[in-house]
Amino acid sequence: MPFETLEWEIKGNVAVLALNRPEKLNSFTLRMFAEIQEALQTAEANESVRAMVIKGNGKAFSAGGDMELLQYLQNLEAGPPLEQALAQLLALGKQFNNLEVPTIVAVRGYCLGVGLSLALLGDIRLASENAVFGAEFVAMGIIPDLGLLYTLPRLVGPARARELILTCRRIKAPEAERIGMVNAIVPDKQLEEKALQMAARIGAFPSLAVRKTRKGLNQSVTGLFEEILQYEIKTQAFCLKTEDHKEAVEAFLARRKPEFKGR
């Protein structure tokens, strides 16, 4: 699949999406937004994809929005034209939130602005020792977007999120791990390897159960307890009738490795 701003490949049952504008520190352009949306659609439609790794090529994950993108938006007519353009770009956030494929985000170097917003949409974040995070929106006279006003407070708590967003303070990997922004810090040379290993571990499990679980976890953030219970009842009834569940039970009883087929 040819992309201009991304690299995309499938390794076994793991998709790897790499932001690929290293000379611009993987800053976001209109085309990058569109290509990420296309890549997510491809991952969702491919039943062999059971997990996905998102990373940035070069020495940064992403330094945020490209100045040409900001100037383009600034020059649009106020009102519906500008709001429609933003809605089209930021639909990526809703698409990502509805994605049933689990994602591991591997962060090296700068992870700023909309780059941070993208990283926080993932399920698990691994950071190299040199990772630097910053929600530097208000310093540019704009507000956080791509869901960061939703995701960051839920990861680090409302008070910490307010501080980071309003002061635009950059933090390094150890602090990001301490406050819950990232799951773990790994040596820089092992970053992609660790992310792929984690994705492969998830990908070895029954794909239907994994996808349904990811969907339920997303709903649990905003849904009522009773609503989540109803989701569990209906989805568990579905999973109990799958071939993979039957195989898991039979393999356990026979003390052999299960062979899952995604059915």
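Just so you know, all these numbers are worked out from the coordinates, no wet-lab data involved. This one's a predicted model, so the numbers in the text were calculated from it and none came from an experiment. Reconstructed Cβ throughout: ideal geometry from the backbone, glycine too, with neighbour counts over all protein chains shown.
Computed quantities for the displayed model
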item	result
Between helix 191-203 and the chain: long-axis angle, C-alpha atoms, 0 to 90°, nearest 10	40
Whole-angstrom gap from the stretch 241-261 to the stretch 135-195, using each part's C-alpha centre	40
The stretch 207-254 - Debye-derived log10 I(q)/I(0), Cα point model, q = 0.16, 0.18, 0.22, 0.28 Å⁻¹	-0.50, -0.59, -0.77, -0.99
Residues 117, 128 arranged by fewest to most Cβ contacts within 10 Å	128, 117
At q = 0.22, 0.23 Å⁻¹, base-10 log of I(q)/I(0) for the stretch 125-201 (Debye sum, equal scatterers on each alpha carbon)	-0.99, -1.04
Point-to-point label distance, residue 42-residue 230, nm (Cα→Cβ direction, 7 Å offset)	3.8
Whichever lysines have a C-alpha closer than 26 Å to that of residue 189, once near sequence neighbours (fewer than 8 apart) are set aside	11, 24, 55, 59, 172
Rel. contact order, % - alpha carbon contacts under 8 angstrom, at least six apart, the chain	17
Angle in degrees between helix 207-222 and the longest Cα principal axis of the chain, rounded to the nearest 10	50
Amide hydrogen neighbours beyond the local backbone of residue 130, cut-off 5 Å, H modeled	109
Sorted by Cβ neighbour density within 10 Å, fewest at the top, the residues 137, 238	238, 137
Residue-wise HN-Hα coupling along the stretch 231-236, computed from phi with Karplus coefficients 6.51, -1.76, 1.60 (Hz; x: Gly, Pro)	4, 4, 4, 5, 6, 5
Descending semi-axes in Å of the stretch 32-73, equivalent ellipsoid built from Cα gyration tensor	26, 15, 5
Ranked list, fewest to most other Cβ atoms within 10 Å of each Cβ, for 61, 252	252, 61
Between helix 80-98 and the chain: long-axis angle, C-alpha atoms, 0 to 90°, nearest 10	30
